[in-house]
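The values are calculated or read from the model by the stated rules, or taken from the named source; none is laboratory data. Here the structure is a predicted model, which means the values were calculated and not measured. As a convention, Cβ positions derive from the backbone with ideal geometry for all residues, glycine included, and neighbour counts pool all protein chains shown. The protein model used for the area step is the full one, side chains on, heavy atoms only, and it has no ligands, DNA or RNA in it. Shrake-Rupley method; radii C 1.70, N 1.55, O 1.52, S 1.80 Å.
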Amino acid sequence: MYDLGLRGVTVIDGTGRPPYQATVYIAGNTIAEIVRGGNSGAAAHRIIPGEGLVLAPGFIDLHSHSDFTLLANPLAESKVRQGVTTEVVGNCGLAPYPVDPAHAEELRAYVGALAAGLPWTWHDLDGYLAALESTGLAVNVAALAAHGSLRLAVMGFADRAPNPEELARMRRLLRADLAAGAFGFSTGLIYAPGTYASTDEVAALASEVRPYGGFYASHIRGESDTLLAAVDEALEIGRRAEVPVHISHLK
């Protein structure tokens, strides 16, 4: 006998196949049997009527800033109740990692009120993810390496191009994020310090993502009169770096 049965739900299974009606049986934390149409004779301790409801895999919130709230609210009920089971964090070039002691206060100023109450007990993405895991999260987290935070760790809010040594250090920090599990690289080119970065700088950094199979996500440089030029820049960075591009807040 199964633990749970979801009776008569419309299943959208994520494969691209048309939706279908079924009863889904669950044993423990595992989907044990999917019975289309009629009854297979299976039984469950609890049956939940699902007629008129949709059962689907958990949704991925590709653009989240929950890296600043999950430590305070690891249950993430506002997301879970909407069906979100994976949050992508580190968007817009903004993340609470890495933390360089020489520029730690600038990083805190950069993330501002978003990070109210963060304990700042880590120095890098690896330490940040360990802090998240210690809370017993209700969602999965996919982190991005964040350009603004990387640049702050090396140059603070300097309004200039990095010298070769600074660019090399940013690349090393980015590779460390990717080795720790970052799924890609984000920029916020409409915000300082991202706005100080040239296309060449961003493309050079984004190229580090390619060996890891990641993607480039950007809050682009302009969203009004310069929208088309900003989109062109994002696509050009993707071409140069040979990585997929995700444009945030496309308007």
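How about segment 163-180: which of its residues are under 16 Å from Ala102 (Cβ atoms) and crowded, with 21+ Cβ neighbours inside 10 Å?
Result: Met170, Leu173.
Need at least 2 residues that are in contact (Cβ under 8 Å) with a residue 40 or more places away in the chain per element, so show me which strands (runs of 3 or more DSSP E) inside segment 1-93 make the cut, counting only ones lying wholly within it.
Because the criterion is at least 2 residues that are in contact (Cβ under 8 Å) with a residue 40 or more places away in the chain, the strands (runs of 3 or more DSSP E) in segment 1-93 that meet it are 2-11, 44-49, 84-89.
Confirm whether Asp13 is among the acidic types (Asp, Glu) and open to solvent by 60 Å² or more (accessible area, probe 1.4 Å).
Considered against the rule, which asks whether it is among the acidic types (Asp, Glu) and open to solvent by 60 Å² or more (accessible area, probe 1.4 Å), Asp13 comes out as no.
Specify the residue that is most open to solvent (accessible area, probe 1.4 Å); the eligible residues are those in segment 202-216 that are more than 16 Å from Gly181 (Cα to Cα) and in contact with a Leu (Cβ under 7 Å, 6 or more places away or on another chain).
So the residue we want is Ala204.
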